[in-house]
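Here the structure is laid out as structure tokens; the discussion comes afterwards.
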Amino acid sequence: MSSKGKKILVLGATSGIAEATCRIWATEGASLFLVARNAEKLAAVAADMKTRGAAFVDSAVVDLDDTDQHPALLSHAINSLGSSTSR
């Protein structure tokens, strides 16, 4: 099954399992919104996904333990992925 045209929110995007899975999705042309705590690692993962062929990549640095940030994060992801076809 292809991921082309799919829009995927990835929480904990710098973990080994998430990164390996994102590589598959990126090579299949998915649009990705990546979330992690470490800005430097997240930037490296996002750049790698773009290089591997993701149709669109955006990201946010968020500590998911801070549940007060969840509504804004989800809104950002929805808006970002919703407009990814025009970018």
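Tell me yes or no: at least one residue of the stretch 24-37 is crowded, with 16+ Cβ neighbours inside 10 Å, out of contact with any helix residue (DSSP H, G or I) (no Cβ under 9 Å at 6 or more places or on another chain), under 16 Å from residue 81 (Cα atoms) and of a type in the set (A, V, I, L, M, F, W, C).
Of all residues in the stretch 24-37, those crowded, with 16+ Cβ neighbours inside 10 Å come to 25-26, 28-36.
Add one more test, that the residue is out of contact with any helix residue (DSSP H, G or I) (no Cβ under 9 Å at 6 or more places or on another chain), and what stays is 28-29.
Retained after the next criterion (residues that are under 16 Å from residue 81 (Cα atoms)): 29.
Now drop any that are not of a type in the set (A, V, I, L, M, F, W, C), which leaves none.
Checking the stretch 24-37: not a single residue is crowded, with 16+ Cβ neighbours inside 10 Å, out of contact with any helix residue (DSSP H, G or I) (no Cβ under 9 Å at 6 or more places or on another chain), under 16 Å from residue 81 (Cα atoms) and of a type in the set (A, V, I, L, M, F, W, C).
Quick check, is residue 48 touching a residue at least 12 places away in the same chain (Cβ under 8 Å) and exposed (fewer than 13 other Cβ atoms within 10 Å of the Cβ)? Don't jump to the end; show me each part of the working.
Numbers: touching a residue at least 12 places away in the same chain (Cβ under 8 Å): yes; exposed (fewer than 13 other Cβ atoms within 10 Å of the Cβ): no.
So residue 48 fails the test.
Being surrounded by 11 or more Cβ atoms within 10 Å (Cβ to Cβ), of a type outside the set (Val, Ile, Thr) and out of contact with any Leu (no Cβ under 6 Å at 6 or more places or on another chain) is the filter here, so list the residues in the stretch 74-87 that pass it. Before you say what the answer is, go through the steps one by one.
Just the residues of the stretch 74-87 that are surrounded by 11 or more Cβ atoms within 10 Å (Cβ to Cβ), to begin with: 74, 76-85.
Narrowing further to those that are of a type outside the set (Val, Ile, Thr): 74, 76-77, 79-84.
Answer for the stretch 74-87, where residues must be surrounded by 11 or more Cβ atoms within 10 Å (Cβ to Cβ), of a type outside the set (Val, Ile, Thr) and out of contact with any Leu (no Cβ under 6 Å at 6 or more places or on another chain): 74, 76, 79, 80, 81, 82, 83, 84.
For the stretch 52-73, how many residues are touching a residue at least 24 places away in the same chain (Cβ under 8 Å) and either over 19 Å from residue 41 (Cβ atoms) or open to solvent by 70 Å² or more (accessible area, probe 1.4 Å) (or both)? First the steps, then the outcome.
Step one: filter the stretch 52-73 for residues touching a residue at least 24 places away in the same chain (Cβ under 8 Å), giving 52-64, 73.
Then drop every residue that is not either over 19 Å from residue 41 (Cβ atoms) or open to solvent by 70 Å² or more (accessible area, probe 1.4 Å) (or both), which leaves 52-53, 55-56, 61.
Residues meeting the conditions: 5.
The values are calculated or read from the model by the stated rules, or taken from the named source; none is laboratory data. All values reported here derive from a predicted model rather than from experimental measurement. So basically every Cβ, Gly included, is an ideal-geometry build from the backbone, and we count neighbours across all protein chains shown. Note: accessible area is taken over every heavy atom of the protein model, side chains too, but ligands, DNA and RNA are not part of it. Shrake-Rupley method; radii C 1.70, N 1.55, O 1.52, S 1.80 Å.
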